[in-house]
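Peer 1: Once you've had a glance at the structure underneath, I'll fire off some questions.
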């Protein structure tokens, strides 16, 4: 794999990992405030899926000797504060679904941006993982819309 393709592969892998880590953090922040059992089940299910994406990305990175960085601690703290404040004012089913929907749409957008117009040749596993994650997030988007 040439340097340009390797760099693109690393960027995509880093985005998959970052996206999964932020989703896991968001779900962990929201779960304690959720009373609705259907929403709780969906959040637990998605949390498990994001853990799998995170683990797959970490394994691929290790195989390629790439060091993945954790999301910015300041961003995570701001996200936590934002979620807690938002939940204080409204922890209804539709509000939680709307918050998760916004995060999911941002995740899809970030993943698609990382993919770019063309996929570099080289590591098919990374691109399969990217495709799998985009499809999963598109399903989550439909699920959250159904809760609105």
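Peer 1: Please compute the modelled spin-label separation between residue 51 and residue 38, points set 7 Å along Cα→Cβ, answer in nm with one decimal.
Peer 2: 2.5 nm
Peer 1: Something else now. Tell me the angle of helix 37-63 to the major Cα principal axis of the chain, expressed in degrees between 0 and 90 and rounded to the nearest ten.
Peer 2: Long axis of 37-63 versus the principal axis of the chain: about 20 degrees.
Peer 1: Can you give the three extents of the C-alpha atoms in the chain along their principal axes, from longest to shortest, in whole Å?
Peer 2: 51, 30, 23
Peer 1: For residue 11 and residue 90, FRET efficiency with R0 = 41 Å and r from the beta-carbon atoms, rounded to 0.05?
Peer 2: 0.65
Peer 1: Can you give the angle from 0 to 90° between the axis of helix 3-30 and the longest principal axis of the chain, with both taken from C-alpha atoms, to the nearest 10?
Peer 2: Around 10 degrees separate the two axes.
Peer 1: Helix 124-147 versus the longest principal axis of the chain: what angle, 0 to 90°, nearest 10, using Cα atoms?
Peer 2: Result, in degrees: 20.
Peer 1: Still on this structure, please answer the following. Using a Gaussian network for the chain with springs between C-alpha atoms less than 10 Å apart, which of these wobbles most: 75, 84, 52?
Peer 2: Residue with maximal mean-square fluctuation among 75, 84, 52: 75.
Peer 1: I need the calculated FRET efficiency for the pair residue 148 and residue 72, taking r as the beta carbon distance and R₀ as 22 Å, to the nearest 0.05.
Peer 2: 0.15
Peer 1: Using only helices, what value at 222 nm comes out for the chain when you add -39,500 (n - 2.57) per DSSP H run of length 4 or more and divide by the total residues, to the nearest 500 deg cm²/dmol?
Peer 2: -28500 deg cm²/dmol
Peer 1: A further question follows. For residue 82 and residue 64 in the same chain, what is the full-extension length gain: residue separation times 0.36 nm, less their Cα-Cα distance, in nm?
Peer 2: My answer for the length gained is 2.9 nm.
Peer 1: Consider all pairwise Cα distances in region 63-118 and report the whole-number % of them above 19 Å.
Peer 2: The calculated P(r) of region 63-118 puts 51 percent of pairs beyond 19 Å.
Peer 1: Moving on. Roughly how far apart, in whole Å, are the Cα centres of region 12-65 and region 84-108?
Peer 2: Cα centres, region 12-65 to region 84-108: 16 Å.
Peer 1: Order of 80, 144 from fewest to most other C-beta atoms within 10 Å?
Peer 2: With the sparsest Cβ surroundings first, the list reads 80, 144.
Every read-out reported here was derived from the displayed coordinates using simple, explicitly stated rules and does not represent laboratory data. None of these values were measured; they are calculated from a predicted model. When we count neighbours, we look across all protein chains shown, and the Cβ atoms used for this are built from the backbone with ideal geometry, even at glycine.
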